[in-house]
Amino acid sequence: MNSTNALYIVATPIGNLGDISQRAIDTLNKADIIAAEDTRHSAKLLQHFGIDTRVLPYHDHSNEAQTAKWLQRLQQGENVALISDAGTPLISDPGYRLVRLAREQGIAVIPIPGACAVVAALSAAGLPSDRFSFEGFLPAKNTARFSRLDAVATDSRTLIFYESPHRIQDSITAMAEVFGPDRQVVMAREISKTYETFLSATFAELLQILDTDPNQVRGEMVVMVQGYVAPEKEGDTLSDDVEKMMAVLMDELPLKQAAAIGAKLSGEKKNRLYKWAVENKTER
Ligand code: SAM
């Protein structure tokens with residue numbers, strides 16, 4: 001095997017062609033062959049950038065003999081660039097089997113990073129992005145869809161789903177049922193395209209928007225759901241430090257003022273501190 005050859009995983013735009021990277025163009029130009037999810041679809045992109053590298057289809061569902069042929073090309077020293085119809089290959093797109101086999105055979109696998117709908121959507125949603133769970137597409141069948149949603153109903157991370165126009169209303173209805181009508185959701189549609197829209201609402205509000213505006217169920221969409229927040233229990237105790245601070249403030253100030261200053265110092269809710277102050281006033 002040629003020691004410098006590799007399988008390149010090349011991200012392509014998810015709408016705006018300006019989002020392709022120079023490195024992606026160079027890699028596609030230099031590759032011996034391009035493995036594409038849909039050769040006709042990719043032909044337009046390649047033509048736009050004047051890339052005339054040979055293109056052949058690759059599907060994860062192809063029979064094993066097909067995947068083996070791609071592996072053979074790599075083993076014979078060819079540089080193969082894998083692309084999908086849009087965005088990053090393997091992210092709800094084909095490629096996993098080939099990447100796994102290539103790595104098992106000691107062939108270099110090199111990502112050429114770029115557009116990816118899940119990352120673009122989350123980066124502009126205004127939902128917590130420090131921890132998130134990418135859930136891909138929900139199952140089409142109702143029972144399987146509900147059980148998948150049930151499994152993440154109390155996950156505190158932001159949940160991210162891919163969805164298609166013909167299933168969006170069913171999926172949002174199911175989510176509203178499992179997550180509750182008041183949970184916050186952001187639906188990002190047609191990212192980087194002319195009709196790019198971010199709708200931020202509760203599930204109840206979003207259902208109403210989708211019912212009344214047919215344009216909102218067109219195109220490609222990413223649904224992001226705020227993670228589960230456990231309801232505050234009545235009588236929840238405060239931390240020792242906050243209780244000590246409140247005790248000092250209550251010695252010097254009226255309760256309302258103590259709660260207001262305590263809230264500023266600790267980040268706790270003013271109402272919660274006031275309630276605690278009232279409950280603990282006589283004991284001190
Ligand atoms: N590999 C792609 C990626 O990196 O994002 C995803 C491919 S998956 C087959 C297609 C789904 O991605 C769509 O149904 C939609 O959920 C999401 N998607 C792709 N492009 C999008 C866009 N421009 N705006 C919003 N969602 C998009």
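The values are calculated or read from the model by the stated rules, or taken from the named source; none is laboratory data. Keep in mind that what you see is a predicted model, and the values were worked out from it rather than measured. When we count neighbours, we look across all protein chains shown, and the Cβ atoms used for this are built from the backbone with ideal geometry, even at glycine. With ligands, DNA and RNA removed, areas are computed over all heavy atoms of the protein, side chains included. Shrake-Rupley method; radii C 1.70, N 1.55, O 1.52, S 1.80 Å.
Summary table
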| read-out | value |
| --- | --- |
| Order of exposure, largest accessible area first, which applies to 158, 237 with probe 1.4 Å | 237, 158 |
| Value of relative contact order over the stretch 21-71, rounded to a whole percent, pairs C-alpha under 8 Å and six or more apart | 38 percent |
| ³J(HN,Hα), Karplus 6.51/-1.76/1.60, whole Hz, each residue of the stretch 242-248, x for Gly, Pro | 5, 4, 5, 4, 4, 4, 5 |
| Among beta bridges that DSSP assigns inside the stretch 118-225, antiparallel share in %, nearest 5 | 75 percent |
| Per residue accessible area in Å² of the stretch 6-115, where ligands, DNA and RNA are left out and the probe is 1.4 Å | 50 Å² |
| Highest-first arrangement of 67-73, 27-33, where packing means the average Cβ count within 10 Å | 27-33, 67-73 |
| Simple label model, 7 Å out from Cα along Cβ direction - residue 154 to residue 252, nm | 4.2 nm |
| Those aspartates and glutamates that a straight Cα-Cα span of less than 19 Å connects to residue 275, excepting residues fewer than 8 apart in one chain | 232, 234, 236, 240, 241, 243, 251, 252, 283 |
| Carbon/sulfur fraction of accessible area - the stretch 240-283, other protein chains in place, 1.4 Å, % | 51 percent |
| Crossing angle, helix 270-281 versus the chain [Cα axis fit, 0-90 degrees, rounded to tens] | 40 degrees |
| Nonlocal amide H pairs with residue 87, under 5 Å, H built at 1.01 Å | 12, 14 |
| Intensity falloff of the stretch 6-115 expressed as log10 I(q)/I(0), Debye formula with alpha-carbon point scatterers, at q = 0.12, 0.15 Å⁻¹ | -0.34, -0.54 |
| Integer Hz, Karplus 6.51/-1.76/1.60 couplings in order for the stretch 72-78, x for Gly and Pro | 4, 4, 5, 5, 7, x, 7 |
| The chain - mean residue ellipticity at 222 nm from DSSP helices (-39,500 (n - 2.57) per run, n ≥ 4, rounded to 500) | -12500 deg cm²/dmol |
| Within the stretch 6-115, percent of DSSP bridges classed antiparallel, to nearest 5 | 5 percent |
| The chain: antiparallel DSSP beta bridges as a percent of all, rounded to 5 | 45 percent |
| Centre separation in Å (Cα based) which lies between the stretch 145-194 and the stretch 9-81 | 32 Å |
| Shape of the stretch 240-283, Cα gyration tensor, a/c cut at 1.5 | rounded |
| Helix 39-48 axis, angle to the chain major axis (alpha carbon atoms, nearest 10°) | 90 degrees |
